[in-house]
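> My structure is below; once you've seen it, I'll send some questions.
The values are calculated or read from the model by the stated rules, or taken from the named source; none is laboratory data. Since this is a predicted model, take the numbers as computed values, not measurements. Reconstructed Cβ throughout: ideal geometry from the backbone, glycine too, with neighbour counts over all protein chains shown. Areas reflect the complete protein model, heavy atoms only, side chains present, ligands, DNA and RNA absent. Shrake-Rupley method; radii C 1.70, N 1.55, O 1.52, S 1.80 Å.
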Amino acid sequence: MAAEGGGKEMNEIKTQFTTREGLYKLLSHSEYSRPNRVPFNSQGSNPVRVSFVNVNDQSGNGDRLCFNVGRELYFYIYKGAADLSKPIDKRIYKGTQPTCHDFNHLTATAESVSLLVGFSAGQVQLIDPIKKETSKLFNEERLIDKSRVTCVKWVPGSESLFLVAHSSGNMYLYNVEHTCGTTAPHYQLLKQGESFAVHTCKSKSTRNPLLKWTVGEGALNEFAFSPDGKFLACVSQDGFLRVFNFDSVELHGTMKSYFGGLLCVCWSPDGKYIVTGGEDDLVTVWSFVDCRVIARGHGHKSWVSVVAFDPYTTSVEESDPMEFSGSDEDFQDLHFGRDRANSTQSRLSKRNSTDSRPVSVTYRFGSVGQDTQLCLWDLTEDILFPHQPLSRARTHTNVMNATSPPAGSGGTNPGSNGNSITTPGNSVPPPLPRSNSLPHSAVSNAGSKSSVMDGAIASGVSKFATLSLHDRKERHHEKDHKRNHSMGHISSKSSDKLNLVTKTKTDPAKTLGTPLCPRMEDVPLLEPLICKKIAHERLTVLIFLEDCIVTACQEGFICTWARPGKV
């Protein structure tokens, strides 16, 4: 296995870690990888991804695993596959690389599984790796979308519908039964809202795609369905989380990253919270009911590539099931526009008045990043139900900013290693210097973005494409800025310029300090339970299974970590 090479390297990489549940250990005998072990040049290739399915074959050993590395795609029995040189199925693609995949859990049997695979050139393939069949190819001529597939998933509860996201910022709904047609599709507007539009496909006979979603600006990096399948959370390169009601195509709520694009998203097992990760090196926790950021977590030293909840360690012990959910009342809050921040507070006071026994709530989630680190986080009751409503704290932000150190006096920001952000046991950090709160690229972007959005909303979706060249320059500028910003090299000159920009722009799209993107000092800052370097290459996979945690890195090593007491 990877960690057995040279003594010094072995010390760097952790093979075990301990949490309150006990010791997690790396299982060396069940590490999957490219069988031939040829060093793999991971630069410029698509992220390694892993998908699991259980085929319920009476043996109790029904887990199957699929992963992509470079141009290759592998399909294995997960446990007890002693001979890695004999996968059940292996494919090597020419001219395009697999980028993502998803099994249909509804239809999987020991004889047959339906696996969707997205590709770097835009196509989507439906294959059965048990029967070794390729049944269909979608967007084969690339008439629907020519850009890379970033995420593909079966629609929950459906045997035939699936959703595909592209780096063009578009998402398409397909039905496996329908063809894609021999000409480019014609679209008709179905629904339009702030920075999104949904079109149906105009044709005499039903064809794919059934729907085309245009969401935000730049690539749509990932989407995730809520546990009940009714809502869809999307994260984009423009830094926005957007949550939609999937059936009614309504926008439920939005959130903006601290800076940079958002790369990954996941739902808590009960659907009440969404966690995102991205280029601001942070994990952000967003309340679905209250539509607001309730916490951020700082532990990674680079971009966060995957976030996932651990349903087996997440515990909600309720004294009265009704009082905790409180969802009907909270949804009324949303409809009638009362102060959302108070709904959690009312739930807390209601709970205290009805029952003195505390309800213990702990959500466990994890994240992996390009810094090769695995972080585990606990979201506890003191964060979920703060005793002081955050809305009251927010009215003091101007005072806090007025008393914060002068611009350009240093300070920590999410991109740096952040040792000085917070002291142990202090969940709300000290106010950060104003100069580091908002990268100037974000401010200058804000003006151009809102005008494009407004224009698009006024005159149809055609204008979504007008940004590309300008946007690329801006993004390049943002990357440079990210590099300087992360290392704290902010000269007083750039700080003065920043303050000037901040003063002159009174654009509504400037989100920092608003509920869309609260300042760092306005929300609790989580610290990771553990933060361990577990690979030599950037990490691209984190999956929580009942008896283990699965991680993978860009070299193509897939590692299994046994949970405490499980082997």
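> Give the range 189-207 a look and list any residue that's touching a residue at least 12 places away in the same chain (Cβ under 8 Å) and over 25 Å from Val243 (Cβ atoms), or say none.
If the condition is that a residue be touching a residue at least 12 places away in the same chain (Cβ under 8 Å) and over 25 Å from Val243 (Cβ atoms), then Lys202, Ser203, Thr206, Arg207 are the ones that fit.
> When you scan the range 232-242, do you find a residue that is out of contact with any helix residue (DSSP H, G or I) (no Cβ under 9 Å at 6 or more places or on another chain), of a type outside the set (Gly, Ala, Ser), in a strand (DSSP E or B) and surrounded by fewer than 22 Cβ atoms within 10 Å (Cβ to Cβ), even just one?
no
> Okay, moving on. May I ask you to list the residues in the range 40-61 that are at pLDDT 80 or above and either on the phi > 0 side of the Ramachandran plot or part of a strand (DSSP E or B) (or both)?
Val50, Ser51, Phe52, Val53, Asn54
> All but one of (1) assigned to a strand (DSSP E or B); (2) surrounded by fewer than 24 Cβ atoms within 10 Å (Cβ to Cβ); (3) within 23 Å of the chain's Cα centre (by Cα) hold for Gly229; state the number of the condition that does not hold.
For Gly229, the failing item is (1).
> Just to be sure before I move on: is Ser268 of a type in the set (Gly, Ala, Ser), modelled with pLDDT of 95 or more, open to solvent by less than 10 Å² (accessible area, probe 1.4 Å) and within 24 Å of Thr514 (Cα to Cα) in the structure I sent?
When the stated conditions are applied, Ser268 does not pass them.
> Here is a follow-up. Being among the hydrophobic types (A, V, I, L, M, F, W, C) and over 21 Å from Ala224 (Cβ atoms) narrows it down to one residue among Val117, Val113, Val124; which is it?
Val113
> Check Ser205 against each of (1) among the small types (Gly, Ala, Ser); (2) open to solvent by 30 Å² or more (accessible area, probe 1.4 Å); (3) touching a helix residue (DSSP H, G or I) at 6+ places or on another chain (Cβ under 6 Å) and name the one condition it does not meet.
It is condition (3) that Ser205 fails.
> Here's something else I'd like to know. How about the range 201-246: which of its residues are out of contact with any strand residue (DSSP E or B) (no Cβ under 7 Å at 6 or more places or on another chain) and at pLDDT 95 or above?
Within the range 201-246, Asp228, Gly229, Asp238 meet the criteria.
> Are there any pairs, at least 6 apart or on different chains, whose C-beta atoms fall under 8 Å, with the first in the range 167-185 and of a type in the set (D, E, K, R) and the second open to solvent by 20 Å² or more (accessible area, probe 1.4 Å), and if so, which?
Note: pairs meeting the criteria are Glu177/Ser160.
> I'm told Glu555 meets every condition in (1) open to solvent by 10 Å² or more (accessible area, probe 1.4 Å); (2) under 19 Å from Glu21 (Cα atoms) except one. Can you identify the failing condition by its number?
Of (1) open to solvent by 10 Å² or more (accessible area, probe 1.4 Å); (2) under 19 Å from Glu21 (Cα atoms), only one is false for Glu555: (2).
> So, one more: Which of (1) in contact with a strand residue (DSSP E or B) (Cβ under 8 Å, 6 or more places away or on another chain); (2) buried (at least 23 other Cβ atoms within 10 Å of the Cβ); (3) in contact (Cβ under 8 Å) with a residue 60 or more places away in the chain is the odd one out, the single condition Thr254 does not satisfy?
(2)
> Let me ask you something else. Go through the range 208-226 and report how many residues are open to solvent by 20 Å² or more (accessible area, probe 1.4 Å) and out of contact with any helix residue (DSSP H, G or I) (no Cβ under 9 Å at 6 or more places or on another chain).
Residues in the range 208-226 being open to solvent by 20 Å² or more (accessible area, probe 1.4 Å) and out of contact with any helix residue (DSSP H, G or I) (no Cβ under 9 Å at 6 or more places or on another chain): 6 in total.
> Here's something else I'd like to know. Under the condition of being modelled with pLDDT of 90 or more and surrounded by fewer than 18 Cβ atoms within 10 Å (Cβ to Cβ), which residue from the range 71-88 is nearest to the chain's Cα centre (by Cα)?
Arg71
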